[in-house]
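The next block holds one structure in the form of structure tokens; read it before the comments.
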Amino acid sequence: MTDIVDIQDLSVTFATDSGPVRAVDGVSLSVQPGEVLAVVGESGSGKTVTAKTILGLLPETAHVRGAVVLRGRDDAEGADVAAMSASQLRRMRGRDAAMVFQEPSTALNPVFTVGWQIIEGLQAHGSYTKAEAREKAIDVLRRVGIPDPEVRIDHYPHQFSGGQKQRIVIAQALILDPGVIVADEPTTALDVTVQAEILDLLRRCRDEFGASIVLITHNMGVVADLADRVAVMYQGKLVEQAPVKELFAAPREPYTQQLLAAVPRIGEGLARAEVRAARRPEGWADQAPVVSAKDLRIVYPGRFRQPDFVAVDGVSFDIRPGEVLGLVGESGSGKTTIGRAMAGLTKVSGGSFEVLGVEMNGAKEKAIRPIRHRIGFVFQDPATSFNPLLTIAQCVAEPLVVHGRAGSPEDARARVDELLEAVQLPASFGDRFPHELSGGQRQRASLARALALDPELLIADEPTSALDVSVQARVLDLFDELHRELGFAALFISHDLAVVDMLADRIGVLHKGRLVEEGTGSEVLGAPKDPYTQRLLASLPVPDPVAQAARRAEWEELSA
């Protein structure tokens, strides 16, 4: 077959204030028609930079050497993207190759309807009447699974869920029927059930639209589910390339072996849970709970004549001293709402919710303030939870200053350095600003800030959702080690069942505000009783192409 993309000895160097940085070093790759090529590796390995060269999307500071030959549907010879002029690139983008960006919320313009943004591509590359363009946009929205496309075409991005926005971005890419689609982390931070639907959609892009796909991801389960061939990158170099079954069955390179070993798998948490149980003192089960919820109800009042929204409906659970409760479920199931209510950030509407001896239902700020220093909170996105104008040391010192443990960030520096060392960051990182740290380093700094006041209760909201598997493994091991040393109770919120299985003593499954199942990892994940838990488990891709094919069949049956 003639390759639709042929990358030959590609090197990309960025000019920076501190000197040139080699992001990609001598990479050679090819993509065949109708093939899904997965490019994997940790952050900074050069995956996205390599993929962006296919569409000529690198900034002016990039110096490109080598060839990136792209063959359009009506161009048998192909052309070198690296040598194209600006007008040639404009003609190629969308028509021969299209991009699905990592974050649909930032890829879509909030002030235009989704229909306008899809039609924009048609108008840029062809002459269509308004009626023809609208009909094509409605058709592609229908084909990517947007309900009522005749109505939703006139809606704005904020009126869609995260999974629907991802479908709209894919519709934008498909509207001109390109030969190759570059999908950059298309399922990052999506729920497992939504992720399974997006993977089905990408599979249909290949089978029904005939598009080749270059898939950039750090999720090895997604690779096992969708890819035909895998390319592994490390520090800008291509270290291994093989068909997907061969790579998972017998990885040759040490880095690939390490990458696959870092992937959490359901069932691995049983040994950890037994070790944690053996360390507990006698009479532990009879101790008073740190957190106790009975028929907890949280309602968000409706606005503009809209009805009230019941976020949490009759949930009951306990967290004892030193215990980790994992909460899993889809977006909108009430996980984060419970975490915020536990920290006193969201009001409780009904039932009883006792946290560290304080009844949160009806509690005033005056009653909550004395226990705030006993609660730590690790937010989902450390990039937005840190003040970008403060250094990491100032951000970590903030709780110490606010609660009177230190007079200023400078006075707290010794304690801050201790905390940074505890989360395996050099003390010198305290002088850096948040944007100068990688995602995993920011998440570790966020954990340091949450532990600054030696809390009795830690609330971790999706702390590893957007991290590479190798970085995620380090953060999870760090969490487990700190929990062992400090003995805090914890609520661990996640949509990744394998991650929760590794860390949690008990797991609660939330669905539409209700707790549908609760128990140990072996009970909930080993023998799920509720149909929703079964569906959630079946939708989780596993890092094994053979096992994943069987799970996909099970998922399709349960979905039907």
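Filtering region 267-295 down to residues that are touching a helix residue (DSSP H, G or I) at 6+ places or on another chain (Cβ under 7 Å) and aliphatic (A, V, I, L, M), which residue is farthest from Leu457 (Cα to Cα)? Only one residue tops the list, namely Leu270.
Within region 499-527, the residues that satisfy the criterion of being under 25 Å from Ala489 (Cα atoms) and without any contact (Cβ under 8 Å) to a residue 24 or more places away in the chain are Val516, Glu517, Gly519, Glu523, Val524. Do we find a residue being free of Cβ contacts under 8 Å to residues at least 40 places away in the same chain, within 19 Å of Cys205 (Cβ to Cβ) and in a loop (DSSP other than H, G, I, E, B) anywhere in region 1-16? Yes, region 1-16 has at least one match. Do we find that Ser105 is in a helix (DSSP H, G or I), farther than 18 Å from Ala137 by Cα, modelled with pLDDT under 85 and small (Gly, Ala, Ser) in this structure? Yes. Quick check on region 135-163: of everything there that is within 25 Å of the chain's Cα centre (by Cα) and buried (at least 20 other Cβ atoms within 10 Å of the Cβ), which residue is modelled with the lowest pLDDT? Only one residue fits best here, namely Gly163.
Residue-level check: of (1) outside any helix (DSSP H, G or I); (2) surrounded by fewer than 21 Cβ atoms within 10 Å (Cβ to Cβ); (3) in contact with a Gly (Cβ under 9 Å, 6 or more places away or on another chain), His483 misses just (1).
For region 335-393, a residue qualifies if it is loosely packed, with under 15 Cβ neighbours inside 10 Å, under 26 Å from the mean Cα position of the chain (by Cα) and in a helix (DSSP H, G or I), and exactly one does: Thr384. Here Glu253 does not qualify as among the acidic types (Asp, Glu), more than 23 Å from Leu467 (Cα to Cα) and either under 21 Å from the mean Cα position of the chain (by Cα) or modelled with pLDDT under 95 (or both). Here Leu400 clears all of (1) aliphatic (A, V, I, L, M); (2) outside any helix (DSSP H, G or I); (3) touching a Lys or Arg at 6+ places or on another chain (Cβ under 8 Å) except the condition numbered (2). Scan region 21-36 for residues that are in contact (Cβ under 8 Å) with a residue 12 or more places away in the chain and surrounded by fewer than 22 Cβ atoms within 10 Å (Cβ to Cβ) and the total you get is 10. Checking the stated criteria, Arg279 turns out not to satisfy the condition of being surrounded by 13 or more Cβ atoms within 10 Å (Cβ to Cβ) and modelled with pLDDT under 85.
Within region 426-451, the set of residues being in contact (Cβ under 8 Å) with a residue 60 or more places away in the chain, outside any helix (DSSP H, G or I) and farther than 24 Å from Pro289 by Cβ comprises Ser438 only. Residue count for region 33-76 under the criterion of being within 21 Å of Leu226 (Cα to Cα) and over 30 Å from the mean Cα position of the chain (by Cα): the result is 0. Scanning region 287-297 for residues that are surrounded by 12 or more Cβ atoms within 10 Å (Cβ to Cβ) and over 30 Å from Lys347 (Cβ atoms) turns up nothing. For region 405-415, the tally of residues that are over 25 Å from Gly344 (Cβ atoms) and not in a loop (DSSP other than H, G, I, E, B) stands at 2. Restricting Asp207, Asp184 to those that are closer than 28 Å to Ala137 by Cα and either under 21 Å from the mean Cα position of the chain (by Cα) or of a type in the set (A, V, I, L, M, F, W, C) (or both) reduces the list to Asp184. If the condition is being of a type in the set (A, V, I, L, M) and out of contact with any Pro (no Cβ under 8 Å at 6 or more places or on another chain), then region 161-176 contributes Ala171, Ala173, Leu174, Ile175, Leu176. Counting the residues of region 1-46 that are of a type in the set (Asp, Glu) and at pLDDT 90 or above gives 4.
Checking each residue of region 499-520 against the condition of being within 22 Å of Ser43 (Cα to Cα) and either within 16 Å of the chain's Cα centre (by Cα) or crowded, with 21+ Cβ neighbours inside 10 Å (or both) gives at least one match. The numbered conditions (1) more than 21 Å from Val24 (Cβ to Cβ); (2) in a loop (DSSP other than H, G, I, E, B); (3) within 20 Å of the chain's Cα centre (by Cα) are all true for Val222 except (2). Is it the case that Arg552 is surrounded by 19 or more Cβ atoms within 10 Å (Cβ to Cβ) and either in a helix (DSSP H, G or I) or of a type outside the set (S, T, N, Q) (or both)? Criteria met by Arg552.
If you go through region 341-365 and pick out every residue that is in contact (Cβ under 8 Å) with a residue 40 or more places away in the chain and within 16 Å of Leu457 (Cα to Cα), you end up with 7. For region 108-137, what are the residues that are part of a loop (DSSP other than H, G, I, E, B) and either of a type in the set (A, V, I, L, M, F, W, C) or under 14 Å from Gln172 (Cβ atoms) (or both)? Hits for region 108-137 are Leu108, Asn109, Val111, Phe112, Thr113. Within region 61-79, does at least one residue satisfy the condition of being at positive phi, touching a Gly at 6+ places or on another chain (Cβ under 9 Å), crowded, with 21+ Cβ neighbours inside 10 Å and in a loop (DSSP other than H, G, I, E, B)? Looking for residues that are at positive phi, touching a Gly at 6+ places or on another chain (Cβ under 9 Å), crowded, with 21+ Cβ neighbours inside 10 Å and in a loop (DSSP other than H, G, I, E, B), one finds none in region 61-79, hence no.
The values are calculated or read from the model by the stated rules, or taken from the named source; none is laboratory data. Remember, predicted model here, so these are calculated numbers, not experimental data. So basically every Cβ, Gly included, is an ideal-geometry build from the backbone, and we count neighbours across all protein chains shown.
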